[in-house]
């Protein structure tokens, strides 16, 4: 007879083995699956979700969790037990039937989105999205209900819906935590964007020659990813509509996309996904298959991707490293001069598309989504209101109109259709964590810039491994940030980083 | 409370949804997975096998099966119940631990095979294969033990091992059924091969120009597959070491491989896998997810691939259809004349490689494997004996030496390393079924040849759908063959087909 903790380890290992197939199927759906396969895949995924739900929420699990809390456990085991309890709570809060309905709706909606977005077809998309919003509200209600019974600080009712969703991605986070941070950014960034735009308008920018063959871009990006540390013996890189990092440890799968008219969109996406991949690959091997061995939060995950994409790759030193490779692939051209390339990758421009946004305007895209999804969850607005509201906020925050152009407006992201509400804020939390971590990293690495210029990322990765990756889910995100940087999240690091990079302050 | 039969339908549907991920992961492993991912994949696959085993062999399943047999069921439901009982019996016969060990060993061995075969490294391969042979003997013993308790006609002991394995792939088949058929072929084919070789030696054969660009070959083969009826909205085609057909209905995945020095190897493999794919796509949609909705036997499956590859594609009429496409892709060349192409695809030549063998020598490759695997199971030989025995039999049957060339000898197939013993005979059973089915098909289709020349496969597929595909697993293979052709399997059809095609008799 196994002891409760051992029993739980075996159960969570089984859940992790089943998750392997989730990860594989998600990757396959985005990169390989023919459209006709969507229905069968949706059914299989829904059934797999249900099986995982049943395994996780079985009465035995609750019993063993209760018993294990009385066992003599190591600190790691205690952290694992807390992570198990969290997974159990998150899962038991929602009825299996709803989980199944949401998974199936997400599959169908994602597939529809791939067709409807390019067709700018909001009319057919709206009811699909409405169906998902209804399901997510129902899910959020179930979570609020459960949480309010466990925790006296949580009051039942619609008002708590959105916080329950944020907590799914960023454990312990809430709109009360986010609101002042986003208020600060909303107050600071528009003026900063204007200042930088005026300044950059006087700086000559030579357009890059086009077309830049997509296959060559792919090879260039693949080479950069490898140089950053992505191990192609333990992963692969493919094309997809929306870049992502998926797969499992030892078989991590990143994707990107390449536009012959844009040298940097695909390359920077690849570097971004490489950051995610390095975090995954750097998680503690000894804890694989256990909840405590997983990444701590979505925001922390995003901090690793943005640390590589924004903090490391958009530097003059990285351009030094990159420039000869650009010429090797695309020939010599005066527009490939280092200072011109650097101006391209630090160009600030208010545009429609979040994933193509620069780091200054990006938070405004996020704040817009944060406000809309929060209002949707609180039933202050409905799906039909989104296009007009999107346009209004885009005009207000970035001076960009989107009415009638939903494909570049509210249909540009798959997140909501996929049922992911509460996810968007983590992008900007990630940017703030990345700036704060990099400030500490720079202090301990006097030759930070020189190493990047050489294409030597070894000591940077060593620092990240020590201060972030190796912890897995053992500490909270706040603990990890505090241990690594000496203080909890402080948006000053991000704002200062922007002022230094874009205004030489 | 569901009735037992309903309960069983739900349980088998769940098993089918889990099998979805098996199919996906197998395809991925052969076409996409980086080598470093093998260990994690192996663990996940083993766990998935164990879960399926647990779901299938649960006590409740036995109870519900017993109760359902007393219910008033339709004929289809009765057939489904028999198919469920068979799956239960096959699964409960083997302990979960052994299933898990075998799955894990198979994953590791297949991965090792991919490295060791090209390196001709028998020394490292032999212990891996021995480990698998031990596991399969243990599995066969468990099956014999179980079957002998269920069925008074089966005597416990090593002697029954091999029949239990054959039955896994070809339900109801046995070495007693196969022995006289293979004896007939062994007696007939060597003389026939000699006769045809002499005859063909006097027929001029102009070598095809090389290299034939692999990517163009891929596109040609893809186009032919589509013309035959493969639906690329509901499937895809990729490259792999060993061609196969995998995936699930509505997402069928065929693979092939293309050699710039050989126009027909990859093309004919593609046509072969397309035959498998059409059978899968043609299985009754209303029975999907249930055992009775699956293909009846491996031999019958092979008959569909060989019907397309050997019976349809190696005809002068198919060459008329193909020839303009060859010139479109590779330019005009005197060697691309129709009669020369036809001579190429009907050339008989005793060679090392089974998958490259012509239809006359192919059965000799199978008989060799049949004899060796049977002897292995009966412990008349051991793994260490294989290379010498392989060489001896190859010399005797086909005049080909393999000693010291194991990569083109006993290491050429992945089947044994993957734990598949009893599978090989189904290839030749399939060839015989295909010849017999085609003889009937020709009688009902006076314009059989003309339709092929036009690239019109509609009425051929209609006949196959009516007589084979739509039955799923409702009838035994013997019943299907008898209903379709008027008599049980009769090897005369195959021998007559060979004499007609190769000797104009």
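Here, each number is a calculation from the coordinates, and none is a lab measurement. Because the structure is a prediction, the values reported are computed rather than measured. Here Cβ is always computed from backbone atoms with ideal geometry, including for glycine, and neighbour counts include all displayed protein chains.
So here's what we get for this one:
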| read-out | value |
| --- | --- |
| Kirkwood hydrodynamic radius of chain A, Cα pairs, Å | 23.8 |
| Chain B, relative contact order in percent, only Cα pairs under 8 angstrom and at least six apart counted | 19 |
| Separation of alpha-carbon centers, region A:268-313 and region A:4-62, rounded to whole Å | 22 |
| Across the identical copies, how the residue A:486 labels are spaced - nm, sorted shortest first, 7 Å along Cα→Cβ | 9.5 |
| Part-to-part distance (alpha-carbon centres) for region B:176-197 and region A:319-346, which is given in Å | 69 |
| Area projected by the alpha carbon convex hull of region B:370-505, averaged over all directions, nm² | 11.4 |
| Counting DSSP beta bridges with both ends in the protein assembly as shown, the antiparallel % (nearest 5) | 50 |
| Where N is the number of residues in region A:1-92, Cα Rg divided by 2.2 N^0.38 Å | 1.32 |
| Fraction in percent of alpha-carbon pairs per bin - 10 Å, region B:46-136 | 15, 32, 23, 17, 10, 3 |
| Cα gyration tensor, region A:119-185 - rounded (a/c under 1.5), prolate or oblate | oblate |
| Estimated FRET transfer efficiency (residue B:74, residue B:505; beta-carbon r; R0 41 Å; 0.05) | 0.30 |
| Antiparallel bridge percentage (DSSP; both residues within chain B; nearest 5) | 50 |
| Rh (Kirkwood; distinct C-alpha pairs) - region B:201-298, Å | 14.6 |
| Nm distances between copies for residue B:324, ranked from closest, using label points 7 Å along Cα→Cβ | 5.5 |
| Between 0 and 90°, nearest 10: helix B:386-398 axis offset from chain B longest Cα axis | 40 |
| Nearest residue to the symmetry axis between B and A, taken on chain B by its Cβ, in whole Å | B:21, 2 |
| Pairwise FRET efficiency - residue A:232 versus residue B:203, Cβ, R0 = 45 Å, nearest 0.05 | 0.35 |
| Nm distances between copies for residue B:213, ranked from closest, using label points 7 Å along Cα→Cβ | 1.3 |
| Cα long-axis angle, helix A:96-116 against chain A (0 to 90 degrees, to the nearest 10) | 20 |
| Angstrom value of the Kirkwood radius, inverse mean 1/r, which spans all Cα pairs in region B:110-264 | 20.7 |
| Rg and Dmax [Cα atoms of region B:335-397; Å; Rg one decimal, Dmax integer] | 15.7, 52 |
| Mean projection area, nm², convex hull over Cα of the protein assembly as shown | 44.3 |
| Between 0 and 90°, nearest 10: helix A:175-201 axis offset from chain A longest Cα axis | 10 |
| Fraction in percent of alpha-carbon pairs per bin - 5 Å, region B:219-267 | 6, 20, 30, 26, 12, 4, 1 |
| Label-reachable residues, region B:55-86, where backbone N falls under 16 Å from a point 7 Å from residue B:150's Cα toward its Cβ | B:56-69, B:79-86 |
